[in-house]
Amino acid sequence: MKAIHLSDDLALPAEDLLESAIGIIAKRGRGKSGAIKVLMEELTRVGLPFVAFDPVGILWGIRSSFDGKGPGLPVLVIGGEHGDIQLDRKAGAKVAQRIIAENVSCVIDFSEEPKAAYREFVRDFAHELFRRNDTPRLVILEEAPELVPQRVMVDRSETYEAVERLVSRGRNKGVGVVLVSQRAATINKDVLTQVDALLVMGLTSPQDRKALGDWIDAWDVKKQAEKFDKGLAGLRVQEAWFWSPEAFGGIFKRVRIRNFTTFHPDKTHLRRMGWLKVRPVTADVAGVVAGFKGEKPKKEEDVDEKEREQYEDRIKGLETKTHDALERARAADARVDELARMLKEANARAEANAKAAEIPPEHMVAEAVRVVERGKTPGERERVDLHVTRETPNLTLHVREVRVEATTEDTKGRVALLIAEGFFDAPKTATALRNELRARGWGQWIGGAAHTNALITMRQFAEWGFLREDDKSFQLVPEAKERVRVLKEKVAA
Ligand SMILES: Nc1ncnc2c1ncn2[C@@H]1O[C@H](COP(=O)(O)OP(=O)(O)O)[C@@H](O)[C@H]1O
Ligand SMILES: [Mg+2]
């Protein structure tokens, strides 16, 4: 049987590998892409197909020799700067069909596409592959958390489902999946626990090691777990733990991934190899200017013209602002007039109400009116009054900008009444309020959530500025007390 040599001492049966699900997890720069590169080289060597999805734009390098100067391996590249074929983000299903028909190995490069295109394409591709694949094939997904994140957003659930299905049931269709992730914590746990094997390279964050713990728990292989966890932080580039509790006959081994032999256009790598040349800056600025053909050179009078335009724009802006401010001032004046009129009306009503004494207390009216008076010191400009009078069964609260309608048949009305009667002169809890309402025979209001309703209502009055909450107890605010008393006198009159 053909074997895939990821390292000198790790040989995996190629056909098994092609139908397995494998997770590759490591911090940035520890050799994930390098390991995939080796995997791709090995599969090409034994003549088995893969499709590698690359959002970064590195894997196309397999087409060139190590130094990038000669030819590499026969792999189709779709998308990116070096693609043989342009990428169409809507063509996921079609590309899957072509790949199955031609049985070609392929890199699909999304480095010039937005992330949404990656998710959309993989969704359609995975769906079609699951339907139509007939011979073994390995799908490699770089940046897997983009596709199967721990937290699946509603609008991304189709991508999640398509990939999850490939991982959990791809084997039946001859599809193996490699999920590559920088974090164990951000890749979806339900998906991660389904992989047959893990290749874990350097990983230091405690959350990531904890997330790997779920995988270990799922396999119930505690004995090896400790050794595994302890070894993770100290792994160097290309060093890894390979762990397959059941697949490949059961392997738990520390390995060093072999060097790739094709071009790896990763910046770190190019710098390391001394291939990232620094270009000296040009001194020929005039030459560069001449090179900008079609661009109009900047002239003196243009500068003046531009400045004049800028001033004109600014003056226009200021004019608009002045106009807006005037409009706002006029609107504020109108509002003050309206409030004054409302106050006058309310006062007239209150006076009329005060005269009508025969109506029973349950039908008293409580009114709170926000008064804005002009010309007083700033602190006195806003005042809230609570008027309690006897007349109609309607209770109306005008508080700040909020107008609240309530009757003595509902909570707000009754609590307003209690405030007027002095119930809240001493602090009261929700229980006390509930009991008081019960005692008054307002039982139809006391439902199952009476306590909560009492609390909510008191908080409402606190928000309006009548009550103050202190450790779940509510008391009349001193400023409001003065006004309520006056009104109580009116009621009594
Ligand atoms: N198998 C390998 N053979 C040779 N060099 C490697 C290998 N794996 C990693 N490297 C080196 O380490 C660098 C970072 O590895 P890379 O695989 O790109 O990291 P990442 O985990 O972020 O994908 C590479 O640019 C390369 O220089
Ligand atoms: Mg990488």
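The values are calculated or read from the model by the stated rules, or taken from the named source; none is laboratory data. Values in this document were obtained by computation on a predicted structure and should not be read as measured data. Note: ideal-geometry Cβ built from the backbone for every residue, glycine included; neighbour counts use all protein chains shown. With ligands, DNA and RNA removed, areas are computed over all heavy atoms of the protein, side chains included. Shrake-Rupley method; radii C 1.70, N 1.55, O 1.52, S 1.80 Å.
The set of residues in segment 10-38 being within 10 Å of ligand 1 (Cβ to nearest atom) and part of a helix (DSSP H, G or I) consists of Lys32, Ser33, Gly34, Ala35, Ile36, Lys37, Val38.
Could you say whether any residue in segment 159-167 is within 16 Å of ligand 2 (Cβ to nearest atom) and closer than 30 Å to Ile108 by Cα? No, every residue in segment 159-167 fails to be within 16 Å of ligand 2 (Cβ to nearest atom) and closer than 30 Å to Ile108 by Cα. Here the condition is being within 38 Å of the chain's Cα centre (by Cα), of a type in the set (Gly, Ala, Ser) and within 16 Å of ligand 2 (Cβ to nearest atom); of Ala247, Ala240, it holds for Ala240 alone. Count of segment 50-66 residues, restricted to those that are in a strand (DSSP E or B) and either more than 14 Å from ligand 1 (Cβ to nearest atom) or not acidic (Asp, Glu) (or both), is 6. Counting the residues of segment 52-75 that are more than 16 Å from ligand 2 (Cβ to nearest atom) and in contact with a helix residue (DSSP H, G or I) (Cβ under 8 Å, 6 or more places away or on another chain) gives 6. Exactly one residue out of Arg123, Arg89, Arg63 is basic (Lys, Arg) and either in contact with a strand residue (DSSP E or B) (Cβ under 9 Å, 6 or more places away or on another chain) or without any contact (Cβ under 8 Å) to a residue 24 or more places away in the chain (or both), and it is Arg63. Restricting Arg151, Arg171, Arg131 to those that are open to solvent by 70 Å² or more (accessible area, probe 1.4 Å), on the phi < 0 side of the Ramachandran plot, of a type outside the set (Phe, Trp, Tyr) and in contact with a strand residue (DSSP E or B) (Cβ under 9 Å, 6 or more places away or on another chain) reduces the list to Arg171. Restricted to segment 160-182, and to residues there that are within 15 Å of ligand 1 (Cβ to nearest atom) and in a strand (DSSP E or B), the residue that is nearest to Ala26 (Cα to Cα) is Ser181.
Taking segment 137-159 as the range and being modelled with pLDDT under 95 and assigned to a loop (DSSP other than H, G, I, E, B) as the test, the residues that pass are Gln150, Arg151, Val152, Met153. For segment 32-75, the set of residues classified as open to solvent by less than 20 Å² (accessible area, probe 1.4 Å) and on the phi > 0 side of the Ramachandran plot consists of Gly57 only.
The condition (being within 16 Å of ligand 2 (Cβ to nearest atom), in contact (Cβ under 8 Å) with a residue 40 or more places away in the chain, of a type outside the set (Phe, Trp, Tyr) and closer than 20 Å to Met273 by Cα) is satisfied by just one residue among Lys32, Lys27: Lys32.
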